[in-house]
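The values are calculated or read from the model by the stated rules, or taken from the named source; none is laboratory data. What you see is a predicted model; the values in this text were computed from it and never measured. Note: ideal-geometry Cβ built from the backbone for every residue, glycine included; neighbour counts use all protein chains shown.
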Amino acid sequence: MVRGIRGAITVENNNSDEIIAAAARLVKEMQDANQYHPDDISHMLITVTHDLNAAFPAAGLRQLDGYDLVPVMCAQEIPVPNSLEKCIRIMATVNTSKRPDEVQHIYLERAVKLRPDLALTNKCDSR
């Protein structure tokens, strides 16, 4: 079965190293929580808010073992007024045997505010 696995993380600064590190951390936590391998991924879509332009977050994935052949596309998030700033969102399309209620969507840092309903039941980190 193919499932979408969501994740989001915020950074404090529009800084290349911070964006790349945050994207790598998020993808690693999504993978660990859902027990898939890069070969299970069909593709990944990464969006960033308009205030993040110092680096492509996809560069963070390239630091992880096995992600060199995963198709990844980066895009800009819709700039909705008063939305969460400095946020990286990821949608991974993954082959998995997990049921929808078993999928762990990962929200880290201030991104927990995006889906507090999932933060209550899933492995999320509100640091």
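For every residue, the table says whether it meets (1) without any contact (Cβ under 8 Å) to a residue 40 or more places away in the chain; (2) buried (at least 21 other Cβ atoms within 10 Å of the Cβ); (3) of a type in the set (Phe, Trp, Tyr).
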{"position": "ILE5", "(1), (2), (3)": "no, yes, no"}
{"position": "ALA8", "(1), (2), (3)": "no, yes, no"}
{"position": "ASN14", "(1), (2), (3)": "no, no, no"}
{"position": "ILE19", "(1), (2), (3)": "no, yes, no"}
{"position": "ALA33", "(1), (2), (3)": "no, no, no"}
{"position": "HIS37", "(1), (2), (3)": "yes, no, no"}
{"position": "HIS43", "(1), (2), (3)": "no, no, no"}
{"position": "LEU52", "(1), (2), (3)": "no, yes, no"}
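Candidates in the stretch 54-97 are the residues that are touching a His at 6+ places or on another chain (Cβ under 6 Å) and under 19 Å from LYS28 (Cβ atoms); of these, the one that is surrounded by the most Cβ atoms within 10 Å (Cβ to Cβ) is THR93. As a summary of the residue check, ILE106 satisfies the conditions (1) touching a Gly at 6+ places or on another chain (Cβ under 7 Å); (2) among the aliphatic types (A, V, I, L, M); (3) surrounded by fewer than 18 Cβ atoms within 10 Å (Cβ to Cβ) except for the one numbered (3). Residues in the stretch 59-89 that are among the hydrophobic types (A, V, I, L, M, F, W, C) and either free of Cβ contacts under 8 Å to residues at least 12 places away in the same chain or in contact with a Pro (Cβ under 8 Å, 6 or more places away or on another chain) (or both): 7 in all.
I'd like to check something: does the stretch 58-78 contain any residue that is at pLDDT 95 or above and of a type in the set (S, T, N, Q)? Checked against the condition, which is being at pLDDT 95 or above and of a type in the set (S, T, N, Q), the stretch 58-78 yields at least one hit.
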